[in-house]
1. Using only the C-alpha atoms of segment 178-288, find the volume of their convex hull and express it per residue in Å³.
2. Work out the count of Lys pairs in the chain where the Cα-Cα distance is under 30 Å, with the pair 8 or more places apart or on different chains.
3. Among (1) 44, 26, 21; (2) 92, 18, 17; (3) 33, 31, 17, only one was calculated for this model; which label is it, if the read-out is semi-axes √(5λ) of the Cα gyration tensor in Å?
4. Can you list, bin by bin at 10 Å, the percent of alpha carbon pairs in segment 125-173, starting at 0?
5. Based only on Cα atoms, what mean projected area does the convex hull of segment 216-260 have, in nm²?
6. Note the angle between two axes, namely the Cα long axis of helix 83-97 and the longest principal axis of the Cα atoms of the chain, as a number of degrees from 0 to 90, rounded to the nearest 10.
7. For the ranges 59-69, 197-207, what's the packing order if you count other beta-carbon atoms within 10 Å of each residue, average per peptide, and put the highest first?
8. How far apart, in nanometres, would the label points at Ser398 and Glu59 be if each is projected 7 angstrom from Cα along the Cα-to-Cβ direction?
Amino acid sequence: MALRLRIKHRILFLVLLVSALIYIISIGYIITSTRRVMLEEAYSKVVLYAQKSANAVSERIDPYMVLSLSLANAFADFGRQPDASWRAQTMQMMRRIYPLYPEIVSLWSSWEYSAISPGYAKPYGRIAYALERHPSGGINETVEELSLTGDPAPYAAFKALNKPSLFEPYLGVVAQSAANRVLMTTVAAPMQRDGEYAGMVGCDIPLDWLRGVVEQLQPFEQSAAFLLSGESKIAACHSDSLLLRPVEILFPHDAEREELHRVVREGREHSFIHVDSAGRRYFVVMSPINIRHSATHWSLGLMVPLRVIRHEADQSVRISVLVGVLALLILVGLLIQISNSISRPIERVTRVLQQLGEGEFSEGMKLRIHTRDEIERMTVALNQLITGLLEKDRLADSI
């Protein structure tokens, strides 16, 4: 048996179905697009914070690189003069410059014997001139022979690279607080003669300020920052116990897969999703710290829980869904009102027609409907029909 629907229900069903489909598709697309845009903005915000902080670290170290490079270029020219002359000029310039940089722990220059001693045949052996602050406030000057039996690994690597570099961090003693060992690094530039390595100029600087950088870097709740050296060792993070440990301590399953050592070494921007041992998911972005003229790169990383990043976007989706449901309910109410305004007059006309079909007609059957449309005109015609029937009935009675 075929299902028979009243006009009211047919209008509601068809109009509501079409309207709901269009509405759901439109709202679904808007919500999905909005959520995607909000997530992209959140991810971009994390990247922007990392870049901004990486640039801040670069700006903090850049002056020391410029200093080392300027002195290296000047000292290389001094070395072409007679022995006593260039040594005196080197120390004189170091004495004049060193007090201008109170944060530098020590300033030194190192000369290869093969570059300053004619006939010296060994590929190692050098003499270093250094200035270092004394706990009492004075400045110590030292002259020391080094590498007489071979170059230590860090120096050998710098010598082979023959380019300005930022050394790996290490624990050193700051003269002002000799009882405490602090994280330090060396900013150095090579002295060259005709492109060949002749020595280096370097300054040792403390890195204790890096802890403040990573602690303040919290663009989102529960986010955490870290800093990696050129060899992907931890130079700053939320826990001092992790300092100088390899990056694998932070990302045991991601370091190899994401090639983090290569990312840091090449100074590239990189991001990935990290899942910790508890199953929590984090968005990790790494931004290079590019020191001016330096051949080595460090990297600043920022970790933010995915649920925190997505919270605002998900909250927006929930609100949008709620608004959509309310709007759909309003639409249903309006459709019911519209369908009633159409179906009820038709139902009244239908009842009168049924009565006429059964031979009933009277003055009281006339309808008063004022819809100002086809239904009203149909009612007027029906009333005219009733009036005509009444007249014919009266005529028949009179006959």
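Only the coordinates and a few stated rules stand behind these numbers; no lab work does. A quick note: this is a predicted structure, and the numbers were derived from the prediction, not measured. Positions of Cβ are generated from backbone atoms using ideal geometry, with glycine treated the same way; all protein chains shown enter the neighbour counts.
1. 139
2. 9
3. Given (1) 44, 26, 21; (2) 92, 18, 17; (3) 33, 31, 17, the structure-derived one carries the label (2).
4. P(r) for segment 125-173, in whole percents per bin: 19, 39, 36, 6.
5. Averaged projected hull area, Cα only: 3.6 nm².
6. 40
7. For the peptides 59-69, 197-207, the packing ranking is 197-207, 59-69.
8. Here the modelled spin labels are 10.7 nm apart.
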